[in-house]
Each structure stands twice: as C-alpha cells, then as structure tokens.
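Asks: Submitted below is the structure of interest, expressed as structure tokens.
The values are calculated or read from the model by the stated rules, or taken from the named source; none is laboratory data. The structure displayed is predicted, hence computed values, not measured ones. Backbone-built Cβ (ideal geometry, glycine too); neighbour counts: all protein chains shown. To get the accessible areas, we keep the full protein, side chains included, count just its heavy atoms, and leave off ligands, DNA and RNA. Shrake-Rupley method; radii C 1.70, N 1.55, O 1.52, S 1.80 Å.
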Amino acid sequence: LDRYMADGKFRGLRVMPAFGADAQWLARPAVRLGLGEVARRGLTLDLLVTPVQLPEVLRLKQALPDLKIILNHCGRPLTATGQLEPWATALRAIAWSTDVVCKLSSLAERAGMEWRVETLAPYVDVALEAFGPARLAFGSNWPVVNIAASYEGWWTALDQILARHKLSSADREAIFGKTAAAIYRLQMPA
C-alpha cells in the first residue's frame, strides 16, 4: 500500500466479495486486519457486495469506523425482479448508522435488457432517502453499462428519476461529482 501511495494518484482499493462464495468474507480476521491498514492510511475501500452481504458492511464499519467505504452499485439490488426487500432495509441500516457513501451505478444493467425508468426509480428513491445527496455518487459502470443501456441512457434515466425529487443545484452537483471528489480526495476544476 505504501508503495502504491507514493504514486500520488492512488486513492484506495476495490474488493468484490459479491463474486465470492463466502458471504462472511468481510468478517474474516485476516480481511479485517488488511482493511484496517487501508483505514490507517486514509485510503478508500470501494466495496461490491450482494444484498445478503449488506449486514456485513454494517458490521465492518462498526469494527473499523475510520475506514472510508464506498458501497458500489447500491449494494446490487435485484432490479430485474422488482424486489426491494431485504435490500432496502439493510441499505437504510448502513446509511442511518454510518458515514458510508453509496455509488449510484449498475442499476440499469442489473434490470435486464427491457428496463425502464419506472423499473429503476424505487431503488434510486430508497438510496436517496437513506443516504441523501451528500453521500450519493453517480457511477456510470462504463463499459459494462453498455450491456443493457449506454452511458448516456443511464445518465438520462437517473437524471429523470432525480428530477422527480426537485433537488437543488447543490444536491445535483453533489451526486454528479462533488461527493465522489470528496471521498476520493480529488481536486474539482473551477
């Protein structure tokens, strides 16, 4: 980690327990020890988990309160089925009791080829209500988004969903750039 940090552009790690067989991977002592080193260095952890693994994110944050976590793909809700629970309850628990940031991404491609704005809106609504604009960050998931949409299509869909909430320009700026800049410690252009 120290060697990578010497580069000056290195901001953190991304781990993807969503693709592993062990739902308790984040609870392993060796994993916690390693992630403690990530936290100690002030790096971010982009974390890709499934809805079943969301409670482990909460326990991880409680064990390592200084770890800066960015929940990738909104915790991978089952947008193709329209199923909100138990994802919504677990997502709210994380949002309401931690400082975790949630990345609004991958909702379209997980909804399948025939998705519509109305299909995705309930998931965005839950994330917005739980985290608020200051802890949400737009993510394109490009080029994977091209499986079921496009960068422009996903951006437009999210823009339409957020327009229903009548967000302030400051809230929209947070979601579409400032939140990410803050969590990744990036300089925003003037």
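Asks: Quick one: in the stretch 1-22, which of the residues that are hydrophobic (A, V, I, L, M, F, W, C) and more than 18 Å from the chain's Cα centre (by Cα) is farthest from L104 (Cα to Cα)? Before the answer, list the steps.
Replies: At the first step, the residues of the stretch 1-22 found to be hydrophobic (A, V, I, L, M, F, W, C) are 1, 5-6, 10, 13, 15-16, 18-19, 21.
The next check asks that each one be more than 18 Å from the chain's Cα centre (by Cα); those that pass are 1, 5-6, 10, 21.
Working: L1: 27, M5: 27, A6: 30, F10: 22, A21: 25 Å.
Looking at the filtered set, the residue picked out is A6.
Asks: Right, next: Considering only the stretch 155-168, state which residues are closer than 20 Å to V101 by Cα and open to solvent by less than 10 Å² (accessible area, probe 1.4 Å).
Replies: Here is the first cut: in the stretch 155-168, the residues closer than 20 Å to V101 by Cα are 155, 158-159, 161-162, 165, 167-168.
Within the stretch 155-168, L158, I161, L162 qualify.
Asks: How many residues are within 30 Å of G8 (Cβ to Cβ), assigned to a loop (DSSP other than H, G, I, E, B) and either charged (D, E, K, R) or out of contact with any strand residue (DSSP E or B) (no Cβ under 8 Å at 6 or more places or on another chain) (or both) if we restrict to the stretch 153-190?
Replies: Here the count works out to 6.
Asks: Restricting to the stretch 116-162, count the residues that are among the aromatic types (F, W, Y) and more than 17 Å from P77 (Cα to Cα). Explain how you work it out, then say what you get.
Replies: At the first step, the residues of the stretch 116-162 found to be among the aromatic types (F, W, Y) are 123, 131, 138, 142, 151, 154-155.
From what's left, more than 17 Å from P77 (Cα to Cα): 142, 151, 155.
Number satisfying all stated conditions: 3.
Asks: Looking only at the stretch 144-154, how many residues end up being aromatic (F, W, Y) and either touching an Asp or Glu at 6+ places or on another chain (Cβ under 9 Å) or open to solvent by less than 20 Å² (accessible area, probe 1.4 Å) (or both)? Full working, then the answer.
Replies: At the first step, the residues of the stretch 144-154 found to be aromatic (F, W, Y) are 151, 154.
Of the ones still in play, those that are also either touching an Asp or Glu at 6+ places or on another chain (Cβ under 9 Å) or open to solvent by less than 20 Å² (accessible area, probe 1.4 Å) (or both) are 154.
Result for the stretch 144-154: 1.
Asks: Ok, one more. Working only within the stretch 102-113, note down all residues that are touching a Ser or Thr at 6+ places or on another chain (Cβ under 6 Å) and either open to solvent by 10 Å² or more (accessible area, probe 1.4 Å) or not in a helix (DSSP H, G or I) (or both).
Replies: R110, A111
Asks: Quick one: count up the residues across the stretch 24-44 that are under 19 Å from R185 (Cα atoms) and either of a type in the set (S, T, N, Q) or surrounded by 21 or more Cβ atoms within 10 Å (Cβ to Cβ) (or both).
Replies: Count: 2.
Asks: Filter the stretch 132-143 for residues that are in contact with a helix residue (DSSP H, G or I) (Cβ under 6 Å, 6 or more places away or on another chain), part of a helix (DSSP H, G or I) and open to solvent by less than 70 Å² (accessible area, probe 1.4 Å) and give the result. Lay out the reasoning, then the answer.
Replies: At the first step, the residues of the stretch 132-143 found to be in contact with a helix residue (DSSP H, G or I) (Cβ under 6 Å, 6 or more places away or on another chain) are 133-134, 136-138, 140, 142.
Among the residues that remain, those that are also part of a helix (DSSP H, G or I) are: 133-134.
The answer is P133, and nothing else.
Asks: Let me ask something else. Quickly run through the stretch 59-75 and pick out the residues that are within 19 Å of A182 (Cβ to Cβ) and in a loop (DSSP other than H, G, I, E, B).
Replies: Here is the first cut: in the stretch 59-75, the ones within 19 Å of A182 (Cβ to Cβ) are 61, 65-72, 74.
Selection gives P65, D66, L67.
Asks: Another question about this same structure. Output the number of residues of the stretch 76-94 satisfying the condition of being outside any loop (DSSP other than H, G, I, E, B) and within 11 Å of the chain's Cα centre (by Cα).
Replies: Here is the first cut: in the stretch 76-94, the residues outside any loop (DSSP other than H, G, I, E, B) are 78, 83, 87-94.
Subset that is within 11 Å of the chain's Cα centre (by Cα): 91.
The total comes to 1.
Asks: Does E129 fit the bill of being surrounded by fewer than 19 Cβ atoms within 10 Å (Cβ to Cβ) and part of a helix (DSSP H, G or I)?
Replies: Working: surrounded by fewer than 19 Cβ atoms within 10 Å (Cβ to Cβ): yes; part of a helix (DSSP H, G or I): yes.
The answer is yes for E129.
Asks: Could I ask something else about it? For the stretch 1-58, give me the residue count where each residue is over 14 Å from I69 (Cα atoms) and in a loop (DSSP other than H, G, I, E, B).
Replies: Residues flagged as over 14 Å from I69 (Cα atoms) and in a loop (DSSP other than H, G, I, E, B) within the stretch 1-58 amount to 13.
Asks: Considering (1) surrounded by fewer than 19 Cβ atoms within 10 Å (Cβ to Cβ); (2) modelled with pLDDT under 95; (3) within 22 Å of Y184 (Cα to Cα), say which one D99 fails and leave the rest.
Replies: Answer for D99: the failing condition is (2).
Asks: Give E85, E109, E114, E118 a once-over and let me know the one that is touching a residue at least 12 places away in the same chain (Cβ under 8 Å) and of a type in the set (D, E). Before the answer, list the steps.
Replies: Working: E85 fails: touching a residue at least 12 places away in the same chain (Cβ under 8 Å); E114 fails: touching a residue at least 12 places away in the same chain (Cβ under 8 Å); E118 fails: touching a residue at least 12 places away in the same chain (Cβ under 8 Å).
That would be E109, the only listed residue that is touching a residue at least 12 places away in the same chain (Cβ under 8 Å) and of a type in the set (D, E).
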